[in-house]
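Remarks on the structure that follows.
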Amino acid sequence: MLQRWTTLFAAAGVVAAVGCGQTDAGISTTVKTKMAANDTVKAYQIDVDTQNGVVTLTGDVDTTAAKTQAVRIARETDGVRDVIDQIQVTETAATGGLLEPGDDRAGRDAGDRLEQGARDLGDRAGDSANRAGAALSDAAITSAVKAKLLADSGTRGTSIDVDTRAGVVALNGTVASRAEAERAVTLARNTDGVDHVVNNLKVGR
């Protein structure tokens, strides 16, 4: 198992080394991978879309710090010309109402609200941890598939966009032949962690 993950993240390093970040597909992959590796940014909450070097970030994050760090990561990625920040901050704090002197009922109500708020925050934290684990796996799968496509002589990896959600890999882009499309699907399907491959590749020049 350790060897499998070592190979997976080594493959992710190949992506960075090859420099696929200069294409829109490569830029999106690189930004997602960098966010997944960052302790402040919860990558599963942010969608990354790149058009002509312009990166659009959408989604909800828990803190302003996460939003700021996500934008910084995108701006500092090679090939990015501009960043459109559409991230929403949903930061909330559990607060009670104002207490009037001698009003015991108001105090109890405020305490109940604080306790409920603490439980809600704990539940959200647990859900976030579970989603984060899945997102990290998806980011690693995307990097591994991209690395395979770039390293394989039968495919033009820079022309193929790879996106992974819950273990389902979608391949988008234009390839030179049906054989190249089939080869890309085979490489993706044989990558650790991939449950299914959606082939959206088009054959053209």
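Within region 177-192, identify whether any single residue is β-branched (Val, Ile, Thr) and closer than 28 Å to ASN38 by Cα, and answer yes or no.
Yes, region 177-192 contains at least one residue that is β-branched (Val, Ile, Thr) and closer than 28 Å to ASN38 by Cα.
Hey, can you tell me all the residues within region 39-74 that are modelled with pLDDT under 85 and surrounded by fewer than 17 Cβ atoms within 10 Å (Cβ to Cβ)?
Matches in region 39-74: ASP39, THR40.
Of the residues ASP161, ASP112, ASP127, only one is over 30 Å from ASP39 (Cβ atoms) and either at pLDDT below 85 or buried (at least 18 other Cβ atoms within 10 Å of the Cβ) (or both); which?
Checking each option against the conditions leaves just ASP112.
Which of the residues belonging to region 181-193 are at pLDDT 90 or above and touching a Gly at 6+ places or on another chain (Cβ under 7 Å)?
Residue satisfying the conditions is ARG183 alone.
Right, ASP49: touching a helix residue (DSSP H, G or I) at 6+ places or on another chain (Cβ under 8 Å), without any contact (Cβ under 8 Å) to a residue 24 or more places away in the chain and closer than 20 Å to ALA139 by Cα or not?
Yes: the conditions hold for ASP49.
Among the residues of region 75-85, write down those that are of a type in the set (Val, Ile, Thr) and either modelled with pLDDT under 90 or not in a loop (DSSP other than H, G, I, E, B) (or both).
VAL83, ILE84
The values are calculated or read from the model by the stated rules, or taken from the named source; none is laboratory data. Note that the coordinates shown come from a computational prediction; the quantities given were computed from them, not determined experimentally. Heads up, the Cβs are rebuilt from the backbone with ideal geometry, glycines too, and the neighbour counts pull from every protein chain shown.
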